[in-house]
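Have a look at the structure below before the remarks.
We did not get these values from a lab; they are worked out from the coordinates using the rules stated. Given the structure is predicted, the values throughout are model-derived calculations rather than measurements. Here the Cβ is made from the backbone with ideal geometry for all residues, glycine too, and neighbour counts use every protein chain on show.
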Amino acid sequence: MEFRGKNNEYIQIVDVNSDNCYLLEAFKESELSILWFVEDDNRMKIDNVEYKLHKNQIICLTEFHRIEPIETKQVKLIKWNRDFYCIVNHDSEVSCKGLLFFGASNVPMLQPNSEDIETLQTVMNMFHIEMQSRDNLQLEMLQMLLKRLLILCTRIYKAQNNYTDTSGNIDIIREYNFLVEQHFKEKHTVNEYADLLNKSPKTLSNLFKKHGEITPLKFIQNRIMLEARRQLIYSDWSVSEIQVFSRFFKSQEGISPQKFKEGKN
């Protein structure tokens with residue numbers, strides 16, 4: 001099912017299995033996606049890390065993730081572009097920026113409970129109904145349903161990670177995560193991000209520690225390492241073009257970029 005508007009805004013909902021699993025690889029610029037696994041024993045590589053995904057697990061991906069399906073049983077794929085709904089511009093509505101999308105070197109993975117699943121299924125049923133509409137309210141209705149889906153996923157993720165703080169601290173962490181995603185190529189210190197947030201580095205460190213997160217510096221390092229691995233594995237760049245990462249890469253990975261690239265070929 002697909003809705004495509006007059007200004008290139010679109011949303012697609014597709015049932016993916018072994019016959020059309022190539023769709024999991026075909027992400028376009030500015031696309032975000034939610035993958036809801038309908039059956040057990042799905043296997044895929046994301047940024048060259050293998051995941052085994054079971055029934056009712058949900059993951060959230062961006063255009064920058066590199067997907068390699070290995071074994072696909074049954075997956076519901078929901079993907080949309082920025083023109084359809086921009087989570088950055090509408091962060092006050094869904095609060096998933098820097099949490100579900102654009103803010104982690106690890107893949108956000110949700111495990112909804114039975115009550116969550118029932119609510120999510122209701123939203124998906126409404127999507128199917130609304131996709132058949134052809135009136136001038138269809139776009140608004142579909143955007144509303146996507147917003148509802150994103151809010152539900154955000155709540156599930158916060159609940160399973162004990163993000164119960166209502167003081168706004170989680171929003172500071174989310175904004176830090178998002179800023180790192182935007183600037184990790186040129187900003188490599190906590191001080192630089194603390195300045196952008198008008199917070200002290202110590203305040204950020206305490207917030208991350210309070211909520212059981214890795215340190216702010218480690219977050220930056222993990223994002224740099226993710227990019228280095230992506231470029232070494234998936235791009236045509238030579239190792240010499242990635243030498244900016246070389247010393248740091250070896251200290252984090254334990255081997256040189258050259259050996260890492262050779263091991264993946």
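Using θ = phi - 60° and the Karplus form 6.51 cos²θ - 1.76 cosθ + 1.60, what ³J(HN,Hα) does each residue of the stretch 22-34 get, whole Hz, x for Gly and Pro?
Along the stretch 22-34, the couplings run 4, 5, 6, 8, 8, 8, 9, 4, 6, 8, 10, 8, 10 Hz.
May I ask which of K52/K187; K76/K158; K158/K202 have a Cα-Cα span longer than 28 Å here?
From the list (K52/K187; K76/K158; K158/K202), the Cα-Cα distance tops 28 Å for K52/K187.
Kindly provide the helix-only [θ] at 222 nm of the chain, computed as the sum of -39,500 (n - 2.57) over DSSP H runs of four or more divided by all residues, to the nearest 500 deg cm²/dmol?
Estimated from H runs of four or more residues: -13000 deg cm²/dmol.
Among residues other than E29 whose Cβ falls under 15 Å from its Cβ, what is the net charge (Lys/Arg +1, Asp/Glu -1)?
Here the charged neighbours net out to -1.
Just to be sure I understand: with springs between alpha-carbon atoms less than 10 Å apart, which residue in N125, N48, N56 has the highest mean-square fluctuation in the Gaussian network model of the chain?
Top of the fluctuation ranking is N125.
Given H placed on each backbone N at 1.01 Å, which residues far from Q74 in sequence or on other chains put an amide H within less than 5 Å of it?
Amide H to amide H, under 5 Å and 5 or more residues apart or across chains, Q74 pairs with V38, E39.
If you find the alpha carbon centre of the stretch 201-231 and of the stretch 70-129, how far apart are they in angstrom?
24 Å
May I ask for log10 I(q)/I(0) of the stretch 135-193 at q = 0.19 Å⁻¹, from a Debye sum over the Cα atoms as equal point scatterers with solvent left out?
These q points yield log10 I(q)/I(0) values of -0.84.
Whole Å is fine, so just give me how far the alpha carbon centre of the stretch 139-162 lies from that of the stretch 1-59.
With the stretch 139-162 and the stretch 1-59 each reduced to a Cα centre, they are spaced 17 Å.
Which one of I224, I59, I214 has the biggest mean-square fluctuation once the chain is modelled by GNM with Cα springs under 10 Å?
I214
Straight-line reach from K6: which aspartates and glutamates have Cα under 17 Å away, leaving out those fewer than 8 places along the same chain?
Within the straight-line limit of under 17 Å, K6 reaches these aspartates and glutamates: D83, D135, E140.
Among N89, N106, N191, which one shows the biggest mean-square fluctuation in a GNM of the chain, springs joining Cα atoms closer than 10 Å?
N89
Provide Rg and Dmax in Å for the chain, with only Cα atoms included in the calculation.
Over the chain's Cα set, Rg and Dmax evaluate to 19.4, 58 Å.
Please quote Rg/Rh for the stretch 105-153 to two decimal places, taking the Kirkwood radius as Rh and restricting both calculations to Cα atoms.
1.08
Estimate the FRET efficiency between E50 and Q160 by the formula 1/(1 + (r/R0)^6), using the beta-carbon distance for r and 30 Å for R0, to the nearest 0.05.
The computed FRET efficiency comes out at 0.85.
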